[in-house]
Amino acid sequence: MKKHSFKQLHSFLLLWGSQTVSQLGTAMTDYAVIIWVYSRRGTASSVTLLTVCTFLPTVFFRFLAGSVVDRQNKKRIMLIADLLAACGTLAVFVLHSADVLQIWHLYAINFLLSLMNAFQEPASFVAVSLLVPEEHYARAGGLQGFSGAAVSILAPALGALLLACGGLDLVLMVDLSTFAVAFLVLLFLIRIPEEKRQATENEPFSKTCLSGIRYLKDHTAILRMTLFLAVINLLAKLGNDGMLSPFILGRTGNNQAVLGMVQSFTALGVLAGSLLATWMKPARKRVPLIFITTGLVFTGNIIQGLTQQPWLWCAAAFGSYAMAAVMNVNMDTLMREKVPLEMQGRVFSAKSTLQNFTIPPALLLGGLLADEVFEPFMMTDSPAQRALSVLFGTGKGAGIGLMFLITGIAGMLISFTRLRKPVYRELD
């Protein structure tokens, strides 16, 4: 990075580095808590309920949070959200140390953490827009993607090491320490400038909560892009983004080592794609790049569905998620460039809710289709099954492989056909 660029990004780099440290601590705690819950209950539903408690409040409170973020000081919101989230971690530490921690405590605390995340994420998104010069938006997005991938790679290994050395209490203490680093850096070393106030700040709060949706409705190209991403999220969760674990475990006879290897290459792909987006020359036309990389993401579904070789699963995962990282960086950059700063909190929140609302039903539908339709179909002798078994083989996982092919083809067609739609051209 050039010296001039480093000076321009100094405050962002401080925020990014300290938040990455805190995210690593949080990810290690998430890993350790899942291990703790599973060891107590021994069921998949007890773990997935943790995910539900983590996901739903963020979605339901995003509209409210976006309006608050655009009206209030971003730094203050981030500090308060981080502090309350740390109180949740501290509560887990106290309850576990007193040997009274129950699983329902974790569900309630995860709900609190998700609620704080609903405010912290849009505030952080706008803060980065305020700290980073426009010509460095893509570089900042690439660095954020890089740190997210690095955390995904490091957290399970470090979390397991800390669990082995000192149990859940040690993991929680490290998490609280990383929070302290991020909190103090943000409090004392980073000044986040405020954007110009707008006339709509005098509107009733209930009206401004929906202004993000109104903005999307008035800007057809951004709304269409958001709905496109909602469809992509639906297909991704029906494909390898949601069904990878049962697919590989079924294909390999419950070989967790192979699953871990493929998941590692997924994180490495995000890492590589984020680095590429950080250092590559900013795209002159972002919209075609977004559609092309999204289409290429789904080639991974097709490759994984049609093969039973672990090294090809790894290669497909690496390539798919590298393209996904490039797509996400350019999508975030596009939003920062096109949406006025004073509206970004509300528009980011509205966009996030609309594009992610398809994820929970897709996860439920994917499991249902795999267990009740595709897996039984590929295990029942019939002319169609015999023809498809030439491509997908037989046994567990073959039906999910067929699902991968269908979602892969659908995702590629939807993505590449968007290139011919003139409605998106105004974004470039």
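No value in this document is a laboratory result; all are computed from the given coordinates. Predicted, not measured: the structure shown is a model, and the values here were computed from it. Reconstructed Cβ throughout: ideal geometry from the backbone, glycine too, with neighbour counts over all protein chains shown.
One quarter of the convex hull surface built on the alpha carbon atoms of the chain amounts to 21.6 nm², the projected area averaged over directions.
Along its first, second and third principal axes, ordered by size, the range 207-428 spans 58, 37, 31 Å in Cα coordinates.
In order along the range 75-85, phi translates into HN-Hα couplings of 4, 4, 4, 4, 5, 5, 4, 5, 5, 5, 5 Hz, rounded to whole numbers, per the Karplus curve 6.51 cos²θ - 1.76 cosθ + 1.60 with θ = phi - 60° and x for Gly and Pro. Packing here is the average count of other Cβ atoms within 10 Å per residue, and on that basis the peptides 270-277, 72-79, highest first, run 270-277, 72-79. Straightening the chain between Phe357 and Arg214 buys 49.7 nm, computed as 0.36 nm per residue apart minus the Cα-Cα spacing. Here the simple spin-label model places points 7 Å from the Cα toward Cβ, and for Leu249 and Leu64 these points are separated by 3.5 nm.
Charged neighbours of Glu375, selected by a Cβ distance under 15 Å, balance to -1 (K, R count +1; D, E count -1). Whole angstrom only: what separates the Cα centroid of the range 314-362 from the Cα centroid of the range 115-191? Value for the Cα centre distance between the two parts: 18 Å. Multiplying the residue separation of Ser389 and Val423 by 0.36 nm and removing their Cα-Cα distance gives an extension gain of 8.1 nm. What the phi angles of the range 297-312 give under the Karplus curve with 6.51, -1.76 and 1.60, with θ = phi - 60°, is a coupling list of 4, 6, 5, x, 4, 5, 4, 5, x, 8, 10, 10, 9, x, 5, 6 Hz, glycine and proline written as x. Summing +1 for each Lys or Arg and -1 for each Asp or Glu, what net charge is found among the other residues whose Cβ lies under 11 Å from the Cβ of Ala155? After counting each charged neighbour, the total is -2.
Between Glu372 and Leu95, the FRET efficiency estimated from the beta carbon spacing at R0 = 30 angstrom works out to 0.15. Here is how the number arises for the chain: DSSP H runs of 4 or more residues each give -39500 (n - 2.57), the sum is divided by the residue count, and the result at 222 nm is -27500 deg cm²/dmol.
Extension gain for the segment Gln102 to Leu365, taken as residue separation times 0.36 nm less the Cα-Cα distance, is 91.6 nm to one decimal.
Across the alpha-carbon set of the range 74-119, the Rg to Rh ratio works out to 1.06, Rh being the Kirkwood radius. Here the 3J(HN,Hα) profile of the range 270-283, calculated from phi with Karplus coefficients 6.51, -1.76 and 1.60 at θ = phi - 60°, is 4, 4, 5, x, 5, 5, 4, 5, 5, 9, 6, 5, x, 5 Hz, Gly and Pro shown as x. With R₀ fixed at 25 Å, the C-beta to C-beta distance from Arg284 to Phe416 puts the FRET efficiency at about 0.80.
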